[in-house]
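Okay, so here's the structure we're looking at.
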Amino acid sequence: MTALLANWKLVIIAVLIAACGLFYGLWQSCEAKLAKVEAAGEYAQQEKERIEALYNKTLKETTDAWSKAVPTIRANAVAEYRKRYPRVCNPSQVPVPGTPKGSSSSDGAGQEQLACPAEFIRDCGEDAGKVNAWIMWAVKNQLVVQ
């Protein structure tokens, strides 16, 4: 103990050198971790840019396809509705108890009769097309669609 007190200047220098060595080791460790974080940040930035480019590309493709499809969807909506639901649109095909099979309306209204307004059917067709366009956009962007 007396040797340490007698050489107190050397002891302080040794403690300072040890502390500097410890802090240097800690600094090198943090610098390596910082380099890993920087590399991960660069990768995340590149991935973000790739995803944004994919989203923008698919959005443009989907929007263009949708703009071209809307007139066709609206024009064919009533015909598709009649094809899908023939009994609703043409009541002469539905057997009603007590009605003779050969009877039909003479004014032709039975063939043009719809269960709902034609504009509503066109709007529904457009909405179904929007859902389909969204699903296509989501699939192209590699999103999970359930």
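Taken together, the values in this text are just the output of simple stated rules run on the coordinates, not laboratory data. Everything quoted here is computed from the prediction, not taken from an experiment. In this analysis, Cβ positions are derived from the backbone assuming ideal geometry, glycine residues included, and neighbour counts consider all displayed protein chains.
Tabulated data
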quantity	calculated
The stretch 76-81 - phi-based ³J(HN,Hα) in whole Hz, Karplus 6.51/-1.76/1.60, Gly and Pro as x	9, 4, 5, 5, 5, 5
Partner lysines for residue 57 [C-alpha distance under 21 Å; skip if fewer than 8 residues away on the same chain]	48, 68, 130, 140
Difference of contour (0.36 nm per residue) and Cα-Cα distance, residue 38 to residue 61	4.8 nm
Stretch gain in nm, segment residue 115-residue 142, where the contour uses 0.36 nm per residue and the Cα spacing is subtracted	5.8 nm
Gain in span if fully extended, residue 31 to residue 69, counting 0.36 nm per residue against the direct Cα distance	8.1 nm
Nearby aspartates and glutamates by direct alpha-carbon distance to residue 33 (threshold 19 angstrom, same-chain neighbours under 8 apart not counted)	42
Fewest-first sequence of 62, 72 by Cβ atoms within 10 Å of each Cβ	72, 62
Under-5 Å amide H pairs with residue 113, H placed in peptide plane, nonlocal only	none
